[in-house]
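Where a number appears in this text, it was derived from the coordinates with a stated rule and is not lab data. Predicted model, so just to flag it, every value in this text is computed and none were measured. Cβ atoms come from the backbone with ideal geometry, glycine included; neighbour counts cover every protein chain shown.
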Amino acid sequence: MRKLVLQMRVSADGFVGGPNGEIDWLLKTMDDTAIVCIEETLWEAGVHIMGSRTFYDMFNYWPGSANPLAQPMNEIPKVVFSKKGKLETATLAQTTQALKDSRRLDAEKGIVSLTELNISSWINAQVASGDLSTEIKTLKNQEGKFILAHGGASFAQSLVQTGLIDEYRLLIHPVILGKGLPLFSGLAAPVYLQLESSKPLASGIIANHYKPL
């Protein structure tokens, strides 16, 4: 049996995106130490799970990205949760503000897109369309390295509500948004956590690892 890890990057006041899903604040506060921290978690994972809207953003960004995180993001198998039971990988219609912010900030930094795309794991992504708790339990009962969940806000909120998350890896960015998309919302009861480790990074980001009590 393998564990489920939720890794999210959040503002100091608990938001994972601006009111319209903006992530420019997140990308502007990233540095090399944060990238190394995220990359370590990515390579430890056996499979990435995500909601369909996050999948569309990532499918249209990572395969041609020169970002240092592109290799693990492109190589690790994917499971996408979609009630439709299928994915439309060729369309930009269902992407979000996060994709626009990522591309704009890449352009500002002079990062160009690659001409050779690494899309195998994206076009071969498994689709899960059943009950969320049931699908997660099926994945957890499989052999292999841990399951890594990341994004978006509503998918993460739904995972928290299942009570099936075994570890929270939160990168807390040094910015206060005041309003936006909360990571934790709509809980029927508090989720109590035990702090396993806390590591301040050069940029002011704090990498906290928690386990539910």
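From the helices alone, meaning DSSP H stretches of at least four residues, give me the mean residue ellipticity at 222 nm for the chain, per-run term -39500 (n - 2.57), in deg cm²/dmol to the nearest 500. Could the numbers behind the result be given before it?
Working: 8 runs with 67 residues, N = 213.
After summing the helix terms and dividing by the residues of the chain, the value is -8500 deg cm²/dmol.
Assuming a viscosity of 1.567 mPa s and a temperature of 4 °C, what translational diffusion coefficient in µm² per second does Stokes-Einstein assign to segment 115-213, Rh being the Kirkwood radius over Cα pairs?
80 µm²/s
Can you give the charge dipole size of segment 4-212 about its Cα centre, rounded to the nearest 20 debye, using +1 on the beta carbon of Lys and Arg and -1 on the beta carbon of Asp and Glu? It would help to have the intermediate numbers written out before the result.
Values: 18 positive and 21 negative charges, 100 e Å.
The calculated dipole for segment 4-212 is roughly 480 debye.
Kindly write out, for segment 79-88 in residue order, the coupling ³J(HN,Hα) from the Karplus curve 6.51 cos²θ - 1.76 cosθ + 1.60 (θ = phi - 60°), rounded to whole Hz, with x marking Gly and Pro.
10, 10, 8, 9, 5, 6, x, 8, 10, 10
Using just the Cα positions, wrap segment 4-212 in a convex hull and report its mean projected area in square nanometres, one decimal place.
On the way: hull surface 45.3 nm².
Reported value for the Cα convex hull: 11.3 nm².
At Leu117 and Ser203, where each label point lies 7 Å from the Cα along Cα→Cβ, what is the point-to-point distance in nanometres?
Inter-label distance under the simple model: 2.7 nm.
How high is the relative contact order of the chain, given as a whole-number percent (alpha carbon pairs under 8 Å, six or more residues apart)?
RCO, the chain: 38 percent.
As a test, work out the antiparallel percent of DSSP beta bridges whose residues both lie in the chain, rounded to the nearest 5.
40 percent
Viscosity 1.306 mPa s, temperature 10 °C: what is the translational diffusion coefficient of segment 29-133 from Stokes-Einstein with a Kirkwood Rh over Cα pairs, rounded to a whole number of µm²/s?
Numbers: Rh = 14.6 Å.
Translational D for this selection: 109 µm²/s.
Could you check which residue among Ala107, Ala128, Ala45 shows the biggest mean-square fluctuation in a GNM of the chain with a 10 Å Cα cutoff?
Largest GNM mean-square fluctuation: Ala107.
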